[in-house]
1. Is the shape of segment 218-290 best called rounded, prolate or oblate, per the rule: a/c under 1.5 gives rounded, else a/b larger than b/c gives prolate, else oblate, with a ≥ b ≥ c the square roots of the Cα gyration tensor eigenvalues?
2. Rolling a 1.4 angstrom probe over the protein heavy atoms, how many square angstrom per residue are accessible across segment 345-432?
3. Based on the Kirkwood radius over alpha-carbon pairs, what value in µm²/s does the Stokes-Einstein equation return for the translational diffusion coefficient of segment 213-252 at 20 °C and 1.002 mPa s?
4. Could you tally the net charge around residue 257, taking each other residue with its Cβ under 14 Å from the Cβ of residue 257, Lys/Arg +1 and Asp/Glu -1?
5. Quick one: accessible surface of residue 329, probe radius 1.4 Å, all protein chains present, in square angstrom to the nearest 10.
6. Once each part is reduced to its C-alpha centroid, what is the distance from segment 371-417 to segment 237-252 in angstrom?
7. Take the cross-link list 264/459; 133/319; 124/383; 64/124; 234/525; 444/540 and give me the ones stretching past 29 Å between alpha-carbons.
8. How large are Rg and Dmax for segment 388-451 when only the alpha carbon atoms are used, in Å?
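The values are calculated or read from the model by the stated rules, or taken from the named source; none is laboratory data. Just so we're clear, the structure is a prediction, and the values are computed from it rather than from any experiment. A quick note on method: Cβ atoms are made from the backbone with ideal geometry, for glycine too, and the neighbour counts reach across all protein chains shown. Note: accessible area is taken over every heavy atom of the protein model, side chains too, but ligands, DNA and RNA are not part of it. Shrake-Rupley method; radii C 1.70, N 1.55, O 1.52, S 1.80 Å.
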Amino acid sequence: MAVTTQISKDELEELKEAFAKVDLNSNGFICDYELHELFKEANLPLPGYKVREIIQKLMIDGDKNKDGKISFEEFVYIFQEVKSSDIAKTFRKAINRKEGICAIGGTSELSSEGTQHSYSEEEKYAFVNWINKALENDPDCRHVIPMNPNTDDLFKAVGDGIVLCKMINLSVPDTIDERAINKKKLTPFIIQENLNLALNSASAIGCHVVNIGAEDLREGKPHLVLGLLWQIIKIGLFADIELSRNEALAALLRDGENLEDLMKLSPEELLLRWANFHLENAGWHKINNFSSDIKLTDFGNSVKDSRAYFHLLNQIAPKGQKEGEPQIDINMSGFNEKDDLRRAEYMLQQADRLGCRQFVTPADVVSGNPKLNLAFVANLFNKYPALTKPENQDIDWTLLEGETREERTFRNWMNSLGVNPHVNHLYGDLQDALVILQLYEKIKVPVDWNKVNKPPYPKLGANMKKLENCNYAVDLGKHPAKFSLVGIGGQDLNDGNPTLTLALVWQLMRRYTLNVLEDLGDGQKANDDIIVSWVNQTLKEAGKSTSIQNFKVQVPLLHPKREGCPKRIYLAAAGHVQDGVLHKTGCRLCWEQSGFKLPKRRLSEPPSGEHWWSKRVDGVSEEGRSMVGLWGSGGVQDTSKH
């Protein structure tokens, strides 16, 4: 049995968008007629007989249930499993030739020769306008802001790393200490530091940055730049779409639900429920998503005709009932406009009155661009949620404790590795063990995917299928991985037991960190003793008289000796340090996004003395859990040179 390749949510959204381009009648299926139209519009230099052969091959290989048409699931299969690479490439090329998709070839050193990477002009236009607005008053970005959305300004502007660092801080405030960003005398070496700082910090907040290097960003490779920016922007837009940070979301509870049910929903699902909550109050039909891939069969209504947006804007617009709140009346006269594009423009004019026109153009609304419509609605929610926290209801508010720093660190680490599905809630999203099994592969523990139950799970016995996965995950931990899992069973993972789930996840993270250190150290196996030895050697070379014996001690902050890199802060080792920010200095870390605060002085000045921060050890394995794998922006070997 062939193993289906895991694809990310973003890739799935792109495939849905591509499917919608081919599905001309929007019935959810592709037939041979629609494939003929696709190749006709793409205007590829192919003879007619060749096109007919390709279409016939696609229908034979793709139509798995032989019903004469291709469903979305079969469409995904074509992209993943079609044997003839020539046919698959031709099919992709035909879709990319549709309006709005730019194709660029061979843009990554990791790509095979002839590989095409596509990017959306609409997304570039939207991201440029969003960044221009966000950074218009930032003096550090005046050399690149404003950017022209109709040119390639964006890909040049990210080349020095400053814009990326600023956008990361906008999405997750205080992620990067401003003093760690190089803003003057931008030599190639200094620019490299900025880009490493941006990549490491993006990874720390949960962005998937595998196969993206500083050189890719310096060269402004479009598909990589846009992919990273979308992740950063999305994290910022979704930050407050969470119950623990916005208790008014409890107003979205349905009959028979409790807070735990609502807490299981992803930000996308909460956003969709929020939109439908207001549409129901307006007496309008529900929508299924924010793109054009699904229409309601009962009403033929979707976001793409912009009528739903008219009602949403009218519902959330300020009514002037609060003190100091000006009333904004939405003009609904454009609602009955028959032309889709003109109606979308009228709608966006009303959104502009709320200060929320960002991300979409009329064409994006009509075409149902999934990313941009999602961003548009998220921005509406952030500015005008129009929800009231329920009072006098039997709601257990003690459940809204929010995630701890430890839990957030683990979740961001998983997401930075590109696990699928995206982890929004640490315990709930691990209850079927699919993410845990992917993490085993990241630490080089082989997984037999034929033994794994994959979604969609059957209605009857779904939990049993998930439990089988959890049992398999624990078995892998005990035997091939040789983890310490005494008293931990699959049922504990399935139940979402916090302490026991963290015990397994911590050991996964620790093994991953040691593997990374081993790779950086030219294959030398890393363990606590080797890391302690490296710390003491680094301290000695820095002229320090101190040393450490293990990770249960206070940790010194080292200032580099070498002239020319005054802002490179090297941290010898760190445990669970309270109230600090480690990655602000550009160090990649696999524990907490925090560790140390920079001393209150100019970074170019020599340290007046040794800076110490006390640390607290807590957790399952005292010595093991207090060890953090981290290295300077140049890696362990680079650090030892200073």
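1. It comes out prolate by the Cα gyration axes.
2. Per residue, segment 345-432 has an accessible area of 39 Å².
3. So the translational diffusion coefficient is about 176 µm²/s.
4. -3
5. 90 Å²
6. Centre-to-centre (Cα) distance: 4 Å.
7. Table pairs above 29 Å Cα-Cα are 64/124; 234/525; 444/540.
8. Here Rg and the maximum Cα pair distance are 16.1, 52 Å.
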